[in-house]
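The values are calculated or read from the model by the stated rules, or taken from the named source; none is laboratory data. In this text, all values refer to a predicted model and were calculated from it rather than measured experimentally. Note that we place each Cβ from the backbone using ideal geometry, even for glycine, and neighbour counts take in every protein chain shown. To get the accessible areas, we keep the full protein, side chains included, count just its heavy atoms, and leave off ligands, DNA and RNA. Shrake-Rupley method; radii C 1.70, N 1.55, O 1.52, S 1.80 Å.
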Amino acid sequence: MNRRHVYLDHTATTPVHPDVVVAMHQVLETAFGNPSSIHTFGREAKQYLEDARIKVANLIGAQPEEIVFTSGGTEADNLAILGVAYAYQRQGNHIITSSIEHHAVLDTCEVLSQNGFEVTFLPVDKDGIVDPDDVRKAVRKETILITVMHANNEIGTVEPIEEIAGIARENGVIFHTDAVQTAGHIPVDVEQLGVDLLSLSAHKFYGPKGVGALYVRKGIRLVPVLHGGGQERNRRAGTENIPGIVGLGKAAEIAARELGSQRVSIQKLRDRLIKGIQERVPEVKLNGHPEKRLPQNVHFSFAGVDGSSLLTSLDLQGIAASAGSACSSGALHPSHVLLAIGLPMELASASLRLTLGRANTEEDIEYCLEVLPEIVAKLRSRPAV
Ligand SMILES: *Cc1c(COP(=O)(O)O)cnc(C)c1O
């Protein structure tokens with residue numbers, strides 16, 4: 001059999017779209033000016049910056065002046081949470097979030113909780129859904145910020161953001177969502193969702209790494225995290241990463257155009273993969289919500305199989321996947337997300353995440369369905385050590 005290469009780890013990062021490469025290459029070669037300079041070179045760079053801002057705003061139904069460029073999703077999350085916390089601390093010191101957030105949110109909240117803020121980490125149900133009623137009950141008069149992710153990066157569950165944002169608004173609380181896994185993949189509209197702040201990252205939707213954006217609704221105040229120049233309307237100091245921002249803009253433009261059709265075809269492949277695994281592998285558990293899930297996400301636990309051995313065996317067959325349990329440092333800490341949905345330790349460490357992208361084909365899925373059941377059977381037949 002011909003050795004194939006099948007990339008099924010699009011939630012970790014995506015390949016850069018060829019048109020994005022062309023756009024970035026062109027700006028690197030021709031437009032080196034500093035957008036803060038008033039001469040022709042500066043104005044040319046500024047034009048690229050503002051064009052990209054319009055494209056990102058269009059992707060999420062925002063106004064261009066509500067977009068702040070950052071170094072990625074992590075910085076956008078940090079700026080949203082720290083920025084609001086310090087701007088509104090006279091009004092209160094309480095923040096509400098969920099227990100399945102990305103570490104960019106969780107760890108930032110944790111830092112605030114060590115610096116005079118109080119943070120409520122809401123539980124989720126077995127599918128990873130945050131109950132809006134829990135949000136309602138957690139709100140106090142000191143609450144200044146609620147931050148709940150649009151969709152989870154591990155298990156793919158899409159949260160009831162409209163409802164939660166509505167509760168925030170009723171109570172006069174600012175609402176932020178980490179939309180890094182949804183922007184460019186499913187429709188994201190800041191007006192429809194009713195959010196005040198929203199984070200996105202270019203490399204999760206076929207743009208370059210190291211660039212992202214924070215949507216900040218008009219009227220929301222932010223204390224900057226980075227201090228220095230007055231770039232980004234005094235919200236993010238530092239000479240702008242023009243090639244990266246142009247890449248983000250191009251990726252946003254392509255996503256806005258292709259998202260609809262791409263979503264349908266990717267979801268079809270996802271459903272085929274889920275069904276195929278359920279048919280061919282005994283004793284599997286699908287993690288995440290069965291319907292309210294990202295079109296690109298497949299996440300299973302295989303009882304009795306060591307997740308990291310599974311990854312290595314798949315890699316040997318040319319399939320790039322991710323441990324369902326995203327341990328950042330060795331195998332000691334099973335994922336906080338899997339523990340939060342109540343998965344026992346044995347199942348948490350026996351899981352696999354397969355995430356699809358625009359270039360995946362039916363052949364990729366069939367190949368995976370051919371290889372995976374054999375590997376699981378082999379690993380299960382190994383005597384325990
Ligand atoms: C990848 C990711 C981030 C971090 O984005 P970077 O651009 O890699 O810093 C934040 N939140 C979620 C949900 C993500 O998937």
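In the stretch 163-184, how many residues are open to solvent by 10 Å² or more (accessible area, probe 1.4 Å), more than 11 Å from the ligand (Cβ to nearest atom) and within 25 Å of Leu286 (Cβ to Cβ)?
Number of matching residues: 1.
I need a count of the residues in the stretch 188-209 that are within 14 Å of the chain's Cα centre (by Cα) and either open to solvent by 10 Å² or more (accessible area, probe 1.4 Å) or among the β-branched types (Val, Ile, Thr) (or both).
5
Results for (1) closer than 18 Å to Ile60 by Cβ; (2) more than 14 Å from the ligand (Cβ to nearest atom); (3) among the small types (Gly, Ala, Ser), shown as yes or no for each residue.
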{"site": "Ser201", "(1), (2), (3)": "yes, no, yes"}
{"site": "Gly207", "(1), (2), (3)": "yes, no, yes"}
{"site": "Ala213", "(1), (2), (3)": "yes, no, yes"}
{"site": "Leu222", "(1), (2), (3)": "yes, yes, no"}
{"site": "Glu240", "(1), (2), (3)": "no, yes, no"}
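Would you mind listing the helices (runs of 4 or more DSSP H) fully within the stretch 26-127 where at least 3 residues are among the charged types (D, E, K, R)?
40-60
Output the qualifying pairs, or none if there are none: Cβ atoms under 7 angstrom, residues six or more apart or on different chains, first residue in the stretch 242-253 and closer than 14 Å to Ala213 by Cβ and open to solvent by 10 Å² or more (accessible area, probe 1.4 Å), second residue in a helix (DSSP H, G or I) and among the acidic types (Asp, Glu).
Listed pairs, sorted by first residue: Lys250/Asp19.
Using beta carbons and a limit of 6 Å, which pairs, at least six apart or on different chains, have the first residue in the stretch 196-207 and under 25 Å from Ala85 (Cα atoms) and in the same structural domain as Val84 (by TED's automatic domain parsing) and the second one open to solvent by less than 10 Å² (accessible area, probe 1.4 Å) and of a type in the set (S, T, N, Q)?
Qualifying pairs under 6 Å: Leu198/Thr177.
Just checking, does the stretch 64-74 include any residue being within 16 Å of the ligand (Cβ to nearest atom), surrounded by fewer than 20 Cβ atoms within 10 Å (Cβ to Cβ) and closer than 15 Å to Arg235 by Cα? Quick ask: steps written out before the conclusion?
Step one: of the stretch 64-74, the residues within 16 Å of the ligand (Cβ to nearest atom) are 67-74.
Next, only the ones that are surrounded by fewer than 20 Cβ atoms within 10 Å (Cβ to Cβ) stay: 71.
With the extra rule that they be closer than 15 Å to Arg235 by Cα, the set shrinks to 71.
Scanning the stretch 64-74, I find at least one residue that is within 16 Å of the ligand (Cβ to nearest atom), surrounded by fewer than 20 Cβ atoms within 10 Å (Cβ to Cβ) and closer than 15 Å to Arg235 by Cα, so the answer is yes.
Based on what the data block shows, is Ala45 surrounded by fewer than 20 Cβ atoms within 10 Å (Cβ to Cβ), touching a helix residue (DSSP H, G or I) at 6+ places or on another chain (Cβ under 6 Å) and over 30 Å from Ile146 (Cα atoms)?
no
From Arg353, Arg257, Arg263, Arg272, which residue is outside any loop (DSSP other than H, G, I, E, B) and open to solvent by less than 70 Å² (accessible area, probe 1.4 Å)?
Arg353
Would you check which residues across the stretch 140-149 are part of a loop (DSSP other than H, G, I, E, B) and either open to solvent by less than 10 Å² (accessible area, probe 1.4 Å) or in contact with a His (Cβ under 8 Å, 6 or more places away or on another chain) (or both) and list them?
Across the stretch 140-149, the qualifying residues are Arg140, Glu142, Val148, Met149.
Those residues that are in contact (Cβ under 8 Å) with a residue 60 or more places away in the chain and open to solvent by 30 Å² or more (accessible area, probe 1.4 Å), I need them from the stretch 110-126; list them, please.
Passing the criteria: Pro123, Asp125, Lys126.
For Ala57, state whether it is within 16 Å of the ligand (Cβ to nearest atom), among the hydrophobic types (A, V, I, L, M, F, W, C) and within 14 Å of Ala213 (Cα to Cα).
no
For the stretch 93-109, which positions are open to solvent by 10 Å² or more (accessible area, probe 1.4 Å) and away from the ligand (no atom under 15 Å from the Cβ)?
The answer is Asn93, and nothing else.
Tell me, please, whether a residue that is buried (at least 24 other Cβ atoms within 10 Å of the Cβ) and within 16 Å of the ligand (Cβ to nearest atom) can be found in the stretch 225-232.
no
In the stretch 13-27, what count of residues is obtained for those that are more than 16 Å from the ligand (Cβ to nearest atom) and surrounded by 13 or more Cβ atoms within 10 Å (Cβ to Cβ)?
8
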